[in-house]
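One structure is given below, encoded as structure tokens.
The values are calculated or read from the model by the stated rules, or taken from the named source; none is laboratory data. Predicted model, so just to flag it, every value in this text is computed and none were measured. Cβ sites come from the backbone with ideal geometry, for glycine too, and all protein chains shown count toward neighbours. All accessible areas refer to the heavy atoms of the entire protein, side chains included, with ligands and DNA or RNA removed. Shrake-Rupley method; radii C 1.70, N 1.55, O 1.52, S 1.80 Å.
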Amino acid sequence: MTASPAAARTIATPDGPFTVIADEDAVLASGWTPDVAELITLIHRSMRPTAEDLAASSPALEEALSAVERYYAGDAAAADAVAVRQRSGEFLEATWRVMREIRPGAPVTYAELAALAGRPAAARPAATACAMNAAALFVPCHRVLRTGGGLGGFRYGLAIKQSLLDREEQAAH
């Protein structure tokens, strides 16, 4: 299977450089890193572009970058409606879809996420879905916490996770 044409760009945010990789109609990967190659490795092999083939722009990339700018300007839900495409097993894909329904300012625990995804006893696999999420911010794994409210992990560091949660809590009030 040949990956569709994709584009990538990095923009500055208050939490550091944020890079998005998108094909024509959906985000494939994103995160707080200027390293496009690092993000490419997170994309499922059936959709993975090569760094040499990346264009400067695509409609989905422009939409995603606009949403990131609106997010940091105070619209905590701006990234939630951006199209995302990720591939994996059935439970991970279901969990990523459910994550997109978690509202800003209303985080859930890994156990609650597992229950929302239809497998209440699957807190560890729900945590794995967060860890394997390639589309940070657009699939808001930062809105998932440990039981008791601890931050848990975050690929881009706990300081960024806390910053995002604080930003969303302030926007909710």
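Here are the numbers:
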item	result
Residues of segment 139-173 satisfying the condition of being assigned to a loop (DSSP other than H, G, I, E, B) and either at positive phi or in contact with a Ser or Thr (Cβ under 6 Å, 6 or more places away or on another chain) (or both)	T147, G148, G149, G152, G157
Condition check for E101: at pLDDT 95 or above, open to solvent by 60 Å² or more (accessible area, probe 1.4 Å) and either of a type in the set (S, T, Y) or assigned to a helix (DSSP H, G or I) (or both)	no
Residue in segment 87-96 that is under 26 Å from D166 (Cβ atoms), in contact with a Phe, Trp or Tyr (Cβ under 7 Å, 6 or more places away or on another chain) and open to solvent by less than 50 Å² (accessible area, probe 1.4 Å) present	no
Residue tally, condition open to solvent by 60 Å² or more (accessible area, probe 1.4 Å) and part of a loop (DSSP other than H, G, I, E, B), over segment 127-138	0
Answer from V108, V139 - the residue that is closer than 30 Å to S58 by Cα and in contact with a helix residue (DSSP H, G or I) (Cβ under 8 Å, 6 or more places away or on another chain)	V139
Residues (buried (at least 21 other Cβ atoms within 10 Å of the Cβ) and more than 14 Å from S88 (Cβ to Cβ)) located in segment 112-126	L113, A114
Some residue of segment 44-53 being within 13 Å of the chain's Cα centre (by Cα), crowded, with 16+ Cβ neighbours inside 10 Å and within 26 Å of A8 (Cβ to Cβ)	no
Tally, over segment 26-43, of residues that are surrounded by fewer than 20 Cβ atoms within 10 Å (Cβ to Cβ), without any contact (Cβ under 8 Å) to a residue 60 or more places away in the chain and assigned to a loop (DSSP other than H, G, I, E, B)	3
